[in-house]
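For reference, the structure discussed in these notes is given below.
The values are calculated or read from the model by the stated rules, or taken from the named source; none is laboratory data. Since this is a predicted model, take the numbers as computed values, not measurements. Note that each Cβ is placed from the backbone with ideal geometry, even for glycine, and that neighbours are counted across all protein chains shown. Areas reflect the complete protein model, heavy atoms only, side chains present, ligands, DNA and RNA absent. Shrake-Rupley method; radii C 1.70, N 1.55, O 1.52, S 1.80 Å.
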Amino acid sequence: PPITTNETYHEIFDCTSFTPMTGDTELCAGEALQFSASQPYVDAYAWSLFSLEGSTNIFILENMEAGDYTLELNTSNVICPLGENHTVNITVYDVPELDLPLDATLCEGSTITFEADSNGDVVWSNGANTGDVIQATESFTVTATVVGEGGCSVSDDWSVTVNPTPSNAVDITGNVLSAEEGNSWNWSFNGVDIASTQSITVESSGNYQVEVTNDFGCSSTSDVIFIEN
């Protein structure tokens, strides 16, 4: 017959020992929500976020929209069929708006304004301020960045191509005036247009001037040249 001995109790699993889920509770709109729960002796994971459910130890939801959410998780096993409930509050912040002008093409010496349409403060990578007007001397690309609530940010590049202007020097040889190389020329005599050739022959005393245009469509006008014939 059995012999009665002392009794002992051994705890196989504590039904309140399920570990909570882990993941980022603050996101930016468009980012993916990802939480995980990893612990031995878990037989079932039951995730719930509004109408969505999950059954693995990882819960992922792509392209979150701005708002406040509550993610719920129930972890259970055969010893603890009711399991343990876990909840976490999640905030998804809006990404600020940023709209830059189209990339621009200018002639050397032209002015351009740093413009940006945004609901936040724009920081330009070259240290400029929105509304600054500069004289373009060379091509550049600048990055505009806006940081909003929750550290959510958006950046965009703006490129400006600066084309050279032609030389406006005039060579005087005898009574022939010749402009530098270009694509087109427009000569004037006492303020009246008279020719569209690279060189002209002076026939009367007066003030001559030429506007030279290059292949980029950039123009340069010479100083007034007084010729006494």
The range 209-216 - phi-based ³J(HN,Hα) in whole Hz, Karplus 6.51/-1.76/1.60, Gly and Pro as x: 8, 10, 10, 10, 10, 9, 5, 7
Please work out the ratio of the alpha-carbon Rg of the chain to 2.2 N^0.38 Å and round it to two decimals. 2.16
Subtracting the Cα-Cα distance of Asp103 and Asp171 from 0.36 nm times their residue separation yields 20.7 nm
Restricting to bridges with both residues inside the chain, how much of the DSSP beta-bridge set is antiparallel, in percent to the nearest 5? 90
Positive end of the charge dipole of the range 16-79 (Lys, Arg +1 and Asp, Glu -1 on Cβ, about the Cα centre): tell me which of Ala46, Ser76, Asn57 has its Cα farthest that way. Ser76
How much accessible surface does Ile112 have with a 1.4 Å probe, in Å² rounded to 10? 20
Relative contact order of the chain, please, whole-number percent, based on alpha carbon pairs below 8 angstrom and at least 6 residues apart. 13
Per DSSP, the loop-located GluC sites (Glu not before Pro) within the range 120-215 having at most 14 other beta carbons within 10 Å are Glu138, Glu181, Glu203
Taking only C-alpha pairs under 8 Å that are 6+ residues apart, what is the relative contact order of the range 1-113 in percent? 26
Given contacts defined as C-alpha pairs under 8 Å and at least six residues apart, what's the relative contact order of the range 129-201, whole-number percent? 20
note: the range 3-108, Cα-Cα separations exceeding 19 Å make up a percent value of 57
Expressed in nanometres to one decimal, the distance between label points 7 Å along Cα→Cβ at Glu65 and Asn6 is 6.5
Among Val212, Ala32, Leu98 - extreme Cα towards positive end, dipole of the chain, charges at beta-carbon: Ala32
Loop-only chymotrypsin sites (Phe, Trp or Tyr not before Pro) in the range 27-103, please: DSSP not H, G, I, E or B, and at most 16 other Cβ atoms within 10 Å. Tyr41, Phe50
Inverse of <1/r> over all distinct C-alpha pairs of the range 68-119, i.e. the Kirkwood Rh in Å, gives 16.8
Where the centroid of each part is defined by its Cα atoms, how far is the range 40-116 from the range 164-229 in Å? 65
Given H placed on each backbone N at 1.01 Å, which residues far from Ser139 in sequence or on other chains put an amide H within less than 5 Å of it? Val162
Along the Cα→Cβ direction, 7 angstrom out, place labels at Val133 and Ile227. What is the inter-label distance in nm? 3.7
Here the FRET efficiency for Val142 versus Asp215, based on Cβ atoms and R0 = 30 Å and rounded to 0.05, is 0.70
With a Förster distance of 41 angstrom and the Cβ-Cβ distance between Thr22 and Asp117, calculated FRET efficiency to the nearest 0.05 equals 0.55
Placing unit charges on C-beta atoms (Lys and Arg positive, Asp and Glu negative, everything else neutral), compute the dipole magnitude of the chain about its Cα centre in debye, rounded to 20. 220
Can you tell me the dipole magnitude for the range 139-229 around its Cα centre, using point charges on the Cβ only (Lys, Arg +1; Asp, Glu -1), in Debye to the nearest 20? 40
Largest-first semi-axes in Å of the equivalent ellipsoid built from the Cα gyration tensor of the range 65-197 are 65, 14, 11
